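The values are calculated or read from the model by the stated rules, or taken from the named source; none is laboratory data. Computed from a prediction, not measured in an experiment: that's the story for all the values here. Don't worry about glycine lacking a Cβ; one is built from the backbone with ideal geometry, like all the others, and counts go over all protein chains shown.
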Amino acid sequence: EPEVTQTPSHQVTQMGQEVILRCVPISNHLYFYWYRQILGQKVEFLVSFYNNEISEKSEIFDDQFSVERPDGSNFTLKIRSTKLEDSAMYFCASSEQGAFGYTFGSGTRLTVV
Amino acid sequence: SQQGEEDPQALSIQEGENATMNCSYKTSINNLQWYRQNSGRGLVHLILIRSNEREKHSGRLRVTLDTSKKSSSLLITASRAADTASYFCATDGRKAAGNKLTFGGGTRVLVKP
């Protein structure tokens, strides 16, 4: 069964450093997303991406965050200068049309120290 | 406003018993989905119910949707120890431009052998 692949599974970074989280969505999907889940809390929407541009973003997704689809397969989330409160599990997802076929990756656990 | 709030927050049952959890939401939706998350792991899609559907079955899962009450329920029949996980509902709002999902806080289910 097709899956969304995320790398790395764990990342530890120093506060103030830049991190790039990588995702390979399902190949025929058109919509791409990033979500995060702070430990013990609910899953929160960060950003959606369609047709090579951001279609919606949340208040969390401030200037420190950016997304990119550098080639036909990868979808990345960059955090420019990490803060302690960015520590969370980050999930990438893709869908074929709207909410149908929504598939999440297994996540990247980011720890900022 | 909160969207997709589950109750109870935690549920402990014996293997073989049924587990029922509820989700309430506030705005109009296109679809409602249920996900399972094992501790510290990724989100696994369980079932999607469209706004014009009232009930849906998948194996041991039964989902109902009452759009007049803006609520949904997930029933797991004949539970197994492997069903121990957190269960989240997620709504896809009609006004959402980017097909974002809004998650509830989840129900932690413990199935005791």
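Which of the following residues is part of a strand (DSSP E or B) and of a type in the set (S, T, N, Q): A:SER66, A:SER73? Can you show your working first?
Numbers: A:SER73 fails: part of a strand (DSSP E or B).
Only one candidate passes the filter, namely A:SER66.
Among A:PHE75, A:PHE49, A:PHE45, A:PHE61, which is the only one that is over 17 Å from A:MET15 (Cβ atoms) and in contact (Cβ under 8 Å) with a residue 40 or more places away in the chain?
The conditions single out A:PHE75.
For segment A:57-72, state whether one or more residues are closer than 18 Å to A:VAL4 by Cα, more than 13 Å from chain B (Cβ to nearest Cβ) and crowded, with 22+ Cβ neighbours inside 10 Å.
Step one: filter segment A:57-72 for residues closer than 18 Å to A:VAL4 by Cα, giving A:67-72.
Filter once more, so that each one left must be more than 13 Å from chain B (Cβ to nearest Cβ): A:68-72.
Still in the running and crowded, with 22+ Cβ neighbours inside 10 Å: none.
Within segment A:57-72 (the criterion being closer than 18 Å to A:VAL4 by Cα, more than 13 Å from chain B (Cβ to nearest Cβ) and crowded, with 22+ Cβ neighbours inside 10 Å), the answer is no, since none of the residues qualifies.
Answer yes if at least one residue in segment B:73-81 is assigned to a strand (DSSP E or B), within 14 Å of chain A (Cβ to nearest Cβ) and crowded, with 17+ Cβ neighbours inside 10 Å, and no otherwise. Step through it out loud before you land on a result.
First pass over segment B:73-81, keeping only residues assigned to a strand (DSSP E or B): B:73-76.
Still in the running and within 14 Å of chain A (Cβ to nearest Cβ): none.
No, segment B:73-81 contains no residue that is assigned to a strand (DSSP E or B), within 14 Å of chain A (Cβ to nearest Cβ) and crowded, with 17+ Cβ neighbours inside 10 Å.
Given the criterion crowded, with 20+ Cβ neighbours inside 10 Å, among the polar types (S, T, N, Q) and more than 17 Å from A:ARG80 (Cβ to Cβ), identify the matching residue among A:GLN6, A:GLN41.
Result: A:GLN6 is the single residue among A:GLN6, A:GLN41 that is crowded, with 20+ Cβ neighbours inside 10 Å, among the polar types (S, T, N, Q) and more than 17 Å from A:ARG80 (Cβ to Cβ).
State all residues of segment A:73-113 that are away from chain B (no Cβ under 12 Å) and in contact with a Pro (Cβ under 6 Å, 6 or more places away or on another chain); if no residue qualifies, say none.
Selection gives A:PHE75 alone.
Just give me the residues in segment A:19-36 being surrounded by 22 or more Cβ atoms within 10 Å (Cβ to Cβ) and either in a strand (DSSP E or B) or within 9 Å of chain B (Cβ to nearest Cβ) (or both), in sequence order.
A:LEU21, A:CYS23, A:TYR31, A:PHE32, A:TYR33, A:TRP34, A:TYR35, A:ARG36
Checking the structure you have, find out if any residue of segment B:22-45 is surrounded by 14 or more Cβ atoms within 10 Å (Cβ to Cβ) and farther than 27 Å from A:TYR31 by Cα.
yes
Which residue is farthest from the other protein chains (Cβ to nearest Cβ), if the candidates are limited to segment B:82-93 and must be closer than 16 Å to B:GLN9 by Cα and of a type in the set (S, T, N, Q)?
The residue in question is B:THR84.
Would you be able to say whether some residue in segment B:69-83 is touching an Asp or Glu at 6+ places or on another chain (Cβ under 8 Å), modelled with pLDDT of 95 or more, under 27 Å from A:SER106 (Cβ atoms) and polar (S, T, N, Q)?
Yes; the residues of segment B:69-83 include at least one that is touching an Asp or Glu at 6+ places or on another chain (Cβ under 8 Å), modelled with pLDDT of 95 or more, under 27 Å from A:SER106 (Cβ atoms) and polar (S, T, N, Q).
Among the residues of segment B:97-106, is there at least one that is more than 17 Å from A:GLU44 (Cβ to Cβ) and not small (Gly, Ala, Ser)?
No, segment B:97-106 contains no residue that is more than 17 Å from A:GLU44 (Cβ to Cβ) and not small (Gly, Ala, Ser).
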